[in-house]
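Have a look at the structure below, then the notes.
Every number here is computed from the coordinates shown, using simple stated rules; none is lab data. Since the model is a prediction, treat every value here as computed from it, not as a measurement. Neighbour counts are summed over all protein chains in view; Cβ atoms, including those assigned to glycine, are modelled from backbone coordinates with ideal geometry.
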């Protein structure tokens, strides 16, 4: 078949036009489609009616197709099939992009969205908030008490920052090490003391082999680490009796005498009456990370939250 020279010539031109696509054209089209008129979109964008119309016409030139139909003498519009498809593909993603660009360009945000596992939030964040509020009294902080979904939420733009034990791998996320902590095995104080192995001070964890194990929900870091360690130490898989969302809940169930658990050392306080503990140095330290979207590196509120976390957790990182 003979090559179509006209088509070959047209293809690079269309590619160049799409490469130079201005996001303002998409924003105007999105608002026209959402509001149903050029006038409503122009008022929201604070531009003229003619400018809004020109934006959409320019977008139609780039796509070489009609996106909007308008009846003569009517200010109401309807979307063509291609226009509906484009509008549907933009949806919430464009809203997220525009919101995040506003943060990047203006360094302001009325709401900072932060993901934190429940236990970390309960233990550390009252004091972190006291420090943050001293310098940022007006900004709203929206907390999402999650653990296993934090990286996914940040990749989707649902979170601006997070604090967790997880090391994220996505290049669009920047992480700063906050510090480390140890894990402890806790059990009801009215249980007999586990015997020590001959010639060692470490208790024999085989004592807990047939006792009910209270742990975190599936997929959480502490649960995974504890199960691997206990399975080796006890030479048997722990008998999971109850799963809970965080260390506060695990500790309360152990206090009630319902079983033993493995929790961060900082979650056991003097108020945790009726609980004995064994430090599990053999597991190795757990890490705490502060993560934020990479483009928010210079955002003053993100940096202020990072500094507050470093101060309270008492592990400042040089050069930040």
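The table below gives the values:
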{"read-out": "Most to least packed among 158-171, 43-56 [average Cβ atoms within 10 Å]", "value": "158-171, 43-56"}
{"read-out": "Pairwise label distance in nanometres, residue 209 with residue 97, each label 7 Å out on the Cα-Cβ vector", "value": "6.0"}
{"read-out": "Rounded FRET efficiency, nearest 0.05, which uses the C-beta distance separating residue 265 from residue 202 and R0 of 25 Å", "value": "0.95"}
{"read-out": "The stretch 269-308: translational diffusion in µm²/s, Stokes-Einstein, Kirkwood Rh over Cα pairs, 37 °C, 0.692 mPa s", "value": "235"}
{"read-out": "Gained length - residue 145 relative to residue 255, 0.36 nm times residue gap less alpha-carbon distance", "value": "37.3 nm"}
{"read-out": "Extension gain from residue 314 to residue 130, taking 0.36 nm per residue of separation minus the Cα-Cα distance", "value": "64.7 nm"}
{"read-out": "Cα gyration tensor of the stretch 183-284 - equivalent ellipsoid semi-axes, whole Å, descending", "value": "19, 16, 13"}
{"read-out": "Neighbour-count order for 89, 245, fewest beta carbons within 10 angstrom listed first", "value": "89, 245"}
{"read-out": "Spin-label model distance (nm) - residue 158 vs residue 63, 7 Å beyond Cα toward Cβ", "value": "2.8"}
{"read-out": "Extended-chain gain in nm, criterion 0.36 nm per residue less alpha-carbon gap, residue 50 and residue 282", "value": "76.5 nm"}
